[in-house]
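Okay, structure first, notes after.
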Amino acid sequence: MKFGDGLIGLFIVALGVAVFWHVQSFPSVPGRFYGPGLFPEVIAAGLLICGAIMLAGVLRAAPIHAFRVEAPSWRGNPRGVVSGITMLAAILSFIFLGDAVGFQIIGFVTLVAFYLWLGRPLPVALLVAAGVTLALDLLFRVVLHVPVPSGPLTELW
Amino acid sequence: MDKFITALDLVVQPETLATLIGASLFGFCIGCLPGLTATMAVALLVPMTFFMSPVAAITSIVAASAMAIFAGDIPGALLRMPGTPASAAYVDDSYEMTKRGEAGLVIASNAAFSAIGGIFGTVVLILAAPALADFALDFSAFEFFWLGVLGLSCAVFVAGDNLVKGLTSLMLGLLISTVGMDYTTGHPRFTFGNVNLLEGVSFIPGLIGMFALPEILRSLLTPGNVGAIAQVTPRGAWRKTWEAGKRYWGQAVGGSVLGTIVGALPGGGADTAAWISYAAAKKMSKEPDKWGKGHIEGIIAGSSANNAALSGAWIPAIVFAIPGDTITAIGIGVLYLKGVNPGPTVFINNGELFYAVFIIFILANLIMFPLGWLAIHIARVVLRIPRDLILPALLVLSVTGAYAIDNDLFGVWILLGLGLTAYLMEENGFPIAPMVLGIVLGEIVEQNFMQALISTNGSVLGLFGRPIAAVLGIVTIFVWTVPLLRWGWSRLRPAGAAPVAATDD
């Protein structure tokens, strides 16, 4: 998704202002100008300058185009959009269901769903997904001793 | 000479040689996997060193870390996912070359110049260790602050076409680095009540997110297959590497020298070394417009620098017991564990042991040639696998890797958040590299800045109060102001009576 440089410039300036404003709530040591807020303030100033330069640039060149949102590159490609959404859904299910369901099951379901959606026949999807899941589990849980959340499978191994 | 023969005797023990090969293969596998760092490879080896002789224990650390840093280049070239942070500087060049069908050349160059850099660093380690470490020992917060800012200025050089967008990206990275408890007062900053953020934004999940997620997402949104491109044969790859080496030998030497120096300075690791060397080589390049679009020059400079830094980091580690990075920190721990106390007297008390370690360093770097050859063959197989089978597997690997660093699901949040941010930034022409640099160096710069301010009672001029700090400070200011002045000049010039109109985008 592409935003005009004017919109981005505005966002950067707003971010700079927000950081600067938020930092004022940080505690300060009496008689000292250097506290926890100093370094973020320097960064906020940098953001303000960068945003201002971007705004100044577009106002001089092409003020109208600079505040438009361009059609994303994936428009007209609904298959791609569904794939993208599936990816987000998969990551979110790792986050929210990871402890309860386990990484192995979520990983396996994610892989099967993707392979079917991308046009692989069911046996291939099941086989490859099982292979990848087993290999990753072997690597992380068995070889590297990472306590991968396994959900109901915990009892099995 | 006697000590050298005793050392050689220690090295040719079957246990040492077996450890060398085993640890190299282990480091190779870990380095190849995005999200698993060289530090992680070494950390995982520590329990096993309990059962080894002192020489074999150090061998395992040296071999695994050297191989992991080299192997980190491989997924960078094939999938645009740097295996370790040290490969991030030149990942775009590597990946662009792979898209042109030159994966073999990239990996062969990575192997060859990693080995050259590593051996160069070792030679310096052997010859100049005491003097260099002595120099770095004098450093305080003042010098480290300027060194950090100088590191940040690399962002100006790696920013790409748009300086302002590059600097914005750097600022965002610095902002991310301030998240967490403040160094001086312990005040939680930008955590918004989230306890997971008190320790800061975990870097490794963020790195996987910023480099892997946009790539997976883009590939899913717009189908295409890298595997369809014919790849060079391994034989062609080594021949081309030889030619590239003849053409750009200066970059290899420069990268090795810079890498060794940066590595020897505490706080400067293999990743910083790669960034600085890449930026410096670009600055001096005759063809700077080719950079970032698949140019071998930066790959040579960066590959040699990160492995040289690895050897360089052992200089202060062995002679003064000051770790230059996390790997040598673990290494020093193992040395103490084995009853070998690093320090100035180490060559008197344990001379033959350390001469043995030096020989191991050379061997560990030489073994990269056969493993590099192996990697090219593996790479050819990997690239033949259809992309739609790999992408979902990479997604699951990325999520598991992000979890595995801290054994915490919050890492997956960081992966998602920074991944989407990076995707949006790249879509809008913001380079990611300066942001990564900001995240890496932000903490170092701020901590030393605050330390220096506290010790001078808030005097900013005091930052120039020590001779080495003053020199570093002036160099830093020079590096920062010249591009800005040049940029301002190009803006002002059309208004004046300049004979040639400046190109203005």
Would you mind giving the mean number of other chain beta-carbons within 10 Å of the Cβ of each residue in A:49-61, as a whole number?
3
Using only alpha carbon pairs under 8 Å that are at least six residues apart, calculate the relative contact order of chain B and give it in whole percent.
26
For every helix of n ≥ 4 consecutive DSSP H residues, a contribution of -39,500 (n - 2.57) applies; sum these over chain B, divide by its total residues, and give [θ] at 222 nm rounded to the nearest 500 deg cm²/dmol.
-24000 deg cm²/dmol
Would you mind giving the mean number of other chain beta-carbons within 10 Å of the Cβ of each residue in B:428-440, as a whole number?
1
Using a Förster distance of 22 angstrom, determine the FRET efficiency expected from the C-beta separation of B:TRP480 and A:PHE33, and round it to 0.05.
0.50
Which order do B:ARG189, A:ARG68 fall in if you start with the one that has the fewest other Cβ atoms within 10 Å?
A:ARG68, B:ARG189
Just counting partner chain Cβ atoms within 10 Å, what average do the residues of peptide A:85-95 show around their Cβ?
5
Dividing the mean separation of Cα pairs under 8 Å (6+ apart) by the residue count of segment A:1-109 yields a relative contact order in percent of 35
Distant-in-sequence amide H partners of B:ARG189 (H built 1.01 Å from N, under 5 Å)
B:GLY180, B:MET181, B:ASP182
Could you sort the peptides B:62-70, A:43-51 by per-residue average Cβ neighbour count (10 Å cutoff), highest mean leading?
B:62-70, A:43-51
When a/c is below 1.5 the answer is rounded, else prolate if a/b is larger than b/c, else oblate, so apply that to chain B with a ≥ b ≥ c taken from the square roots of the Cα gyration tensor eigenvalues.
rounded
Residues B:LYS99, B:LYS246, B:LYS282 in order from fewest to most other beta-carbon atoms within 10 Å are B:LYS246, B:LYS99, B:LYS282
Computed [θ] at 222 nm, deg cm²/dmol, chain A (DSSP H ≥ 4; -39,500 (n - 2.57); rounded to nearest 500)
-21500 deg cm²/dmol
Put in order of increasing Cβ neighbours within 10 Å, starting from the fewest, B:ILE444, B:ILE474, B:ILE300, B:ILE432 give B:ILE474, B:ILE444, B:ILE432, B:ILE300
Work out, step by step, the length gained on full extension between A:ARG68 and A:ALA100: first 0.36 nm times the residue separation, then minus their alpha carbon distance; give nm to one decimal.
7.2 nm
Pull out a ≥ b ≥ c, the square roots of the eigenvalues of the alpha-carbon gyration tensor of segment A:3-157, then state rounded if a/c is under 1.5, prolate if not and a/b is larger than b/c, and oblate in the remaining case.
oblate
Membrane-span-like helices (DSSP H runs, Cα span along own axis at least 30 Å, mean Kyte-Doolittle at least -0.5) in chain B -> B:103-137, B:433-455, B:467-492
Here, A:ALA130 and B:ARG100, labelled 7 Å along Cα→Cβ, have an inter-label distance in nm of 4.4
Would segment A:105-157 count as rounded, prolate or oblate if I go by the C-alpha gyration tensor, calling it rounded below 1.5 in a/c and otherwise prolate when a/b exceeds b/c, oblate otherwise?
prolate
By per-residue mean of other Cβ atoms within 10 Å, what is the highest-first order of A:30-40, B:117-127?
B:117-127, A:30-40
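Only the coordinates and a few stated rules stand behind these numbers; no lab work does. Everything numeric here is computed off the predicted structure, so don't read it as measured data. Cβ coordinates were reconstructed from backbone atoms using ideal geometry, including for glycine residues, and neighbour counts include every protein chain displayed.
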